[in-house]
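Just below is one structure, and these are the notes that go with it.
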Amino acid sequence: GAESWINPSVFGTAPTARWGHAAFLYPYTNGMYCFVFGGAQSSTYYRDVNLLHFDGLNWAWNPSAIPLVLQGSPPPQPSGRAWFAGGFDKARIRYMIFGGETATGVTDEIWLLEPRIVAGPQINLTWTLVTPTSTDNPVARKKGHVIMLDDFVYILFGGEDGSGQRLNDMWMLYPVGPSGSEQWYWARLPDDGTLPAGRTGAAVFGRPGMMMGHFFGGFTGSYENDFWTYRTLGNSTGRFFQPGLLALGGSLPAGFAGASVVYDERNQRAVVFGGHNGTMPVNILGAIRLYQPVRR
């Protein structure tokens, strides 16, 4: 059917205006539970978690009937931060964040947030600080890095470090051991093939079961509209390549960075919105279609 924007009336008190935040959806529910974490306004960095709830009829911010309760005594919690990268593991219902900027500078921290809907209803929020077992780890990222999830493995790409250098490295973060007592490891993925230029703000998406990541646009010193794929070929090899731009279909938009993207698995398309083209923010809405078999 035809797709269109709506501007719903929302009950409750909205979070403070901010940017550099992130959001994820809780799966397996009849209503919509959208969580928003972090972000910044001026020199204030936020660490609050807010709930946008839709019950099929009404939209509401942080409804009093569904309280969010931090777990632990005292509850662990990340400091306020913005421009971090995050990835949601819907199989284990947990959200991972890495890096970003805080009031004290750039961070390389990894945090896991596990929301659980319990009787009441009530939503319990459990934060866990992850200390990697590995010793060869990526440098802290200030902004513009991106994370995607391939099964239970998180893939990190690019971004800007604390000195302003734009990066094009790829890293894999993966757990070993039973849930709740995992050991976490970083592993640098090989730089094979023709490497894309280091960049911030690329639009990145993965495709379930395909062992690859796709990257579109970003800022390399100029605003790009190139399209790249990184394919994992085995346990220790991987390769960047630049597929024919005809794979995008239609006409290419001008270069931009900082767009949001979601992958629509059913229709095998990535939906991209917004960003900045170097002159102004844009509200372009487009789709990258990839009609290819998906391994099951």
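Structure data summary
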| read-out | value |
| --- | --- |
| Filtered residues of region 98-120 (kept if surrounded by fewer than 22 Cβ atoms within 10 Å (Cβ to Cβ), on the phi > 0 side of the Ramachandran plot and assigned to a loop (DSSP other than H, G, I, E, B)) | G120 |
| Selection within region 1-42 - within 23 Å of Y263 (Cα to Cα), open to solvent by 90 Å² or more (accessible area, probe 1.4 Å) and either assigned to a strand (DSSP E or B) or not β-branched (V, I, T) (or both) | G1, A2, E3, S4, W5, N7, W19, L25, Y28, N30 |
| Answer from Y45, Y95 - the residue that is under 21 Å from E160 (Cα atoms), crowded, with 17+ Cβ neighbours inside 10 Å, out of contact with any helix residue (DSSP H, G or I) (no Cβ under 6 Å at 6 or more places or on another chain) and among the hydroxyl-bearing types (S, T, Y) | Y45 |
| So E224, is it open to solvent by 40 Å² or more (accessible area, probe 1.4 Å), under 21 Å from the mean Cα position of the chain (by Cα) and modelled with pLDDT of 85 or more | yes |
| Subset of region 197-219 (residues that are assigned to a loop (DSSP other than H, G, I, E, B), at pLDDT 85 or above and closer than 19 Å to V261 by Cα) | R199, G201, A202 |
| Some residue of region 169-176 being part of a loop (DSSP other than H, G, I, E, B) and of a type outside the set (V, I, T) | no |
| Residue, modelled with the lowest pLDDT, within region 267-296, restricted to residues that are β-branched (V, I, T) and either touching a helix residue (DSSP H, G or I) at 6+ places or on another chain (Cβ under 7 Å) or in a strand (DSSP E or B) (or both) | I288 |
| Pick from region 43-55, criterion in contact with a Gly (Cβ under 6 Å, 6 or more places away or on another chain) and assigned to a loop (DSSP other than H, G, I, E, B), ranking: nearest to I6 (Cα to Cα) | D55 |
| Candidates Y154, Y174, Y185, filtered to the one that is in contact with a Ser or Thr (Cβ under 7 Å, 6 or more places away or on another chain) and within 20 Å of Y95 (Cα to Cα) | Y185 |
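The values are calculated or read from the model by the stated rules, or taken from the named source; none is laboratory data. Predicted model, so just to flag it, every value in this text is computed and none were measured. All Cβ positions, even for glycine, are placed from backbone atoms using ideal geometry, and neighbour counts span all protein chains on display. Only protein heavy atoms, including side chains, enter the accessible area calculation; ligands, DNA and RNA are left aside. Shrake-Rupley method; radii C 1.70, N 1.55, O 1.52, S 1.80 Å.
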